[in-house]
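Accompanying notes for the structure given below.
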Amino acid sequence: MGRRIAGTPGADGIAVGPLWRYLAAESPRRGASFGASAGSGASAGSGAGDPVAAIRAASAEAARQLEALAERMRGLDRADEAGIFDAQALMATDPQLLDEAVARAEAGEDPRTAVEGAAAVASGVLAALPDELLAARAADVRDVGARIVRIMMGQDVAFPETPSIAVAEDLPPSIAAEIPAGLLLGVALEGGSPTAHAVILARGLGIPAVVGVPGLVEAAGSATSIAVDGESGAVVLDPDQSQLADFAARAEALAASSRAAAALRGRPAATADGERVILLANIGGPEETARALEAGAEGVGLFRTEFLFMRRQSAPSEDEQVEPYRRVFEAFGPRRPVVVRLADIGGDKALPYLDLPPEANPFLGVRAIRLAARSRELLAAQLRAIWRAAGRAGVTPHVMAPMVATVADARLLLELRDEARAAAAASGDPLPERMVTGVMIEVPSAAILAPELARLVDFFSIGTNDLTQYTMAADRSNPALAYLQDALHPAVLRLIAGVVAGADEAGIPVAVCGELAGEPAGALVLAGLGVDELSADAGSLDRVRAALAGVTRPQLADLAKRALAATDAASVRAMAGELLAPREPREPRSRA
Ligand code: PEP
Ligand code: MG
């Protein structure tokens, strides 16, 4: 019997096949040192013997390779992944990274160590961020550093010769994308997270992936084949006949259910007896709009704007922000609302230009709307840009503030919004009449104050990731506390029920844009609690739509009632799991 190890689901699907090990540090192809073999154009007479020239030449070559990968992804209609490699191509020649590497080389470090050190510094800054998506960019910077080193050292990655499943501590997205089409059947990683780019890429290409498999690399030592279940998060090394038969049966059942789910795509999401639930997409930039529209999103429920504020030496100007917002507004047009979230930065997202003092508890610190007290202009400029972008696109913008904790926070948002409109009028851009303005409910005090907040704003959007973290007092990035991080905990659900009641009284809609909204079990409970809109990653929308179509309004009402009366998250999952049959209940997704 093959050894089974439980990890975390990364990308849906089942794969079985030969195992291909990817080792981050490949041995040099020609036993070369940097000066002798900068290869594939990088040496070109400039690198030999001069470490600084070698670093510069290799970084230029790395940028060229990454641009070519971006082109390849565009050719496959994978705009998101193309965006990743475009960004990496910029990182490869980023002056800060290069200056750091060159300074280290000039101070006597060998070029390889200099580049690795510079990349480690840059990735360390990103890795410390509490936002999972942004922290996942840390791996991209390390990957760029490793590519520059490989070019300097004349190394190659030996790709699999037959269709295989990649097994690694971590798999850089650029390696995953370089593997020739058809040769990558699945991915199993000891490290990684569901939001790591290699996993996003795998999801985009329909390749099953499992992440966070403890001890995988060592356990896989002598194995020749592996089975990967991207739904449950399990892997089996050298599966025997009966395990192979189980996997084949699961694969068939999954294929049938995703065919059925995809068939519902053109239709609005609703329960079997006609209760509508609006399905929206979470996006992180303009390059993600096509995927969201393809998935049938009726708009964007959460446009995370932090990407504009990262990897820079100064805050983006109002003018620089207008274009990306306009592109998103235009892609969705006047009938599909786009909710722009004001920058969720500050605290331990210590951007160099913010000059914030270090904090002992950054998650409880000066973050998001609280930043206005220190740097009002940061949010003001963003709001002016949103007014102007919406005017150019001819749409009514929707905006929300994260981390609202008090009624004063909500009043401040309205004040900033109105000041921004008055100031934006001077730009000459046409401006929309109004901005639909909401608050995120992700701090327990905001949930408790829902009746008062609902009288001030146009909508609520519940951020279950943070609401769970703050309700359970469990740092969302601490894997040791994963058992406290399930948003289906009745303590969180009771707060959500109160938020819905407060919103109903004032007649405003409630959305959920945390990860719970993208899980079938979560979607059923939330719809039962009376949530009007669910916003999730585009890749989750099919299965949420299918889950809703399989239940009736009375079933959801009964589920919600029982969930609110429960005392732990596991019982709530079991209750929702019964309604999701005949699909097997999923293991809870870990967000950590
Ligand atoms: C949330 O907290 O649920 C949320 C959607 O915001 P983020 O994950 O970006 O903090
Ligand atoms: Mg949040």
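Take the range 342-388 and flag every residue that is closer than 16 Å to Ser314 by Cα, surrounded by fewer than 21 Cβ atoms within 10 Å (Cβ to Cβ) and either within 14 Å of ligand 1 (Cβ to nearest atom) or among the charged types (D, E, K, R) (or both). Hits for the range 342-388 are Asp355, Arg374, Arg376, Glu377. Regarding Leu302, is this residue surrounded by fewer than 19 Cβ atoms within 10 Å (Cβ to Cβ) and either of a type outside the set (Phe, Trp, Tyr) or touching a Lys or Arg at 6+ places or on another chain (Cβ under 6 Å) (or both)? So Leu302 fails the test. Going by the conditions given, is Pro9 assigned to a strand (DSSP E or B) and at pLDDT below 85? Judged against the criteria, Pro9 is a match.
Within the range 329-375, how many residues turn out to be charged (D, E, K, R), outside any loop (DSSP other than H, G, I, E, B) and under 20 Å from the mean Cα position of the chain (by Cα)? Within the range 329-375, residues that are charged (D, E, K, R), outside any loop (DSSP other than H, G, I, E, B) and under 20 Å from the mean Cα position of the chain (by Cα) number 3.
Of Val499, Val443, Val512, all but one fail to be away from ligand 2 (no atom under 12 Å from the Cβ), of a type in the set (A, V, I, L, M) and within 22 Å of Arg304 (Cβ to Cβ); the exception is Val499. Can you tell me which residue is farthest from ligand 2 (Cβ to nearest atom) among those in the range 425-440 that are more than 25 Å from Thr406 (Cα to Cα) and out of contact with any Gly (no Cβ under 8 Å at 6 or more places or on another chain)? Checked the range 425-440; the qualifying residue farthest from ligand 2 (Cβ to nearest atom) is Gly428.
Does Asp537 count as of a type outside the set (A, V, I, L, M, F, W, C), within 14 Å of ligand 1 (Cβ to nearest atom), open to solvent by 10 Å² or more (accessible area, probe 1.4 Å) and in contact (Cβ under 8 Å) with a residue 60 or more places away in the chain? Yes: the conditions hold for Asp537.
Within the set Ser535, Ser540, Ser571, the sole residue that is within 16 Å of ligand 2 (Cβ to nearest atom) and either in the same structural domain as Arg304 (by TED's automatic domain parsing) or hydroxyl-bearing (Ser, Thr, Tyr) (or both) turns out to be Ser535. Within the range 239-261, can you find the residues that are open to solvent by less than 50 Å² (accessible area, probe 1.4 Å) and among the hydrophobic types (A, V, I, L, M, F, W, C)? Hits for the range 239-261 are Phe247, Ala251, Leu254, Ala255, Ala256, Ala261.
Taking the conditions exactly as written (within 18 Å of the chain's Cα centre (by Cα) and β-branched (Val, Ile, Thr)), does Val167 satisfy them or not? Answer is no for this residue. Filtered by the rule that a residue be free of Cβ contacts under 8 Å to residues at least 60 places away in the same chain, more than 16 Å from ligand 1 (Cβ to nearest atom) and in contact with a Pro (Cβ under 9 Å, 6 or more places away or on another chain), the range 267-312 gives Arg276, Pro286, Glu298, Arg312. The sole residue among Ala408, Ala447 that is out of contact with any helix residue (DSSP H, G or I) (no Cβ under 7 Å at 6 or more places or on another chain), more than 25 Å from Pro334 (Cβ to Cβ) and assigned by TED's automatic domain parsing to the domain that holds Val322 is Ala408. Applying the criterion of being more than 13 Å from ligand 1 (Cβ to nearest atom) and in a loop (DSSP other than H, G, I, E, B) to the residues of the range 450-473, the residue that is nearest to Gly212 (Cα to Cα) is Ala473. A Cβ distance below 6 Å, combined with a sequence gap of six or more or placement on separate chains, defines the contacts here; from the range 453-475, residues that are within 13 Å of ligand 2 (Cβ to nearest atom) reach residues that are open to solvent by less than 10 Å² (accessible area, probe 1.4 Å) and of a type in the set (Asp, Glu) in the pairs Gly463/Glu442; Asp466/Glu442; Leu467/Glu442. Checking each residue in the range 345-392 for being over 30 Å from Gly428 (Cβ atoms) and β-branched (Val, Ile, Thr) picks out only Val366.
Hey, could you check the range 490-533 for residues that are within 12 Å of ligand 1 (Cβ to nearest atom), at pLDDT 95 or above and not in a helix (DSSP H, G or I) and say which is nearest to the chain's Cα centre (by Cα)? The qualifying residue nearest to the chain's Cα centre (by Cα) is Cys513.
Restricting the first member to the range 116-127 and to residues that are farther than 20 Å from Ile151 by Cβ and not assigned by TED's automatic domain parsing to the domain that holds Leu351, and the second to residues that are open to solvent by less than 40 Å² (accessible area, probe 1.4 Å) and in a helix (DSSP H, G or I), the beta-carbon pairs closer than 7 Å and six or more apart or on different chains are Leu126/Leu134; Leu126/Ala135; Leu126/Ala138; Leu126/Val141; Ala127/Ala135; Ala127/Ala138. Put simply, of Ala447, Ala405, Ala487, Ala420 the only residue that is part of a helix (DSSP H, G or I), open to solvent by less than 40 Å² (accessible area, probe 1.4 Å), within 16 Å of ligand 1 (Cβ to nearest atom) and in contact with a Leu (Cβ under 9 Å, 6 or more places away or on another chain) is Ala447. Any residue in the range 423-439 that is modelled with pLDDT of 95 or more, open to solvent by less than 10 Å² (accessible area, probe 1.4 Å) and within 16 Å of ligand 1 (Cβ to nearest atom)? So far as the range 423-439 goes, yes, one or more of its residues are modelled with pLDDT of 95 or more, open to solvent by less than 10 Å² (accessible area, probe 1.4 Å) and within 16 Å of ligand 1 (Cβ to nearest atom).
The values are calculated or read from the model by the stated rules, or taken from the named source; none is laboratory data. Small disclaimer: the values here were computed from a predicted structure and weren't measured. Because the Cβ atoms are built from the backbone with ideal geometry, glycine has one as well, and the counts that use them run over all protein chains shown. Areas reflect the complete protein model, heavy atoms only, side chains present, ligands, DNA and RNA absent. Shrake-Rupley method; radii C 1.70, N 1.55, O 1.52, S 1.80 Å.
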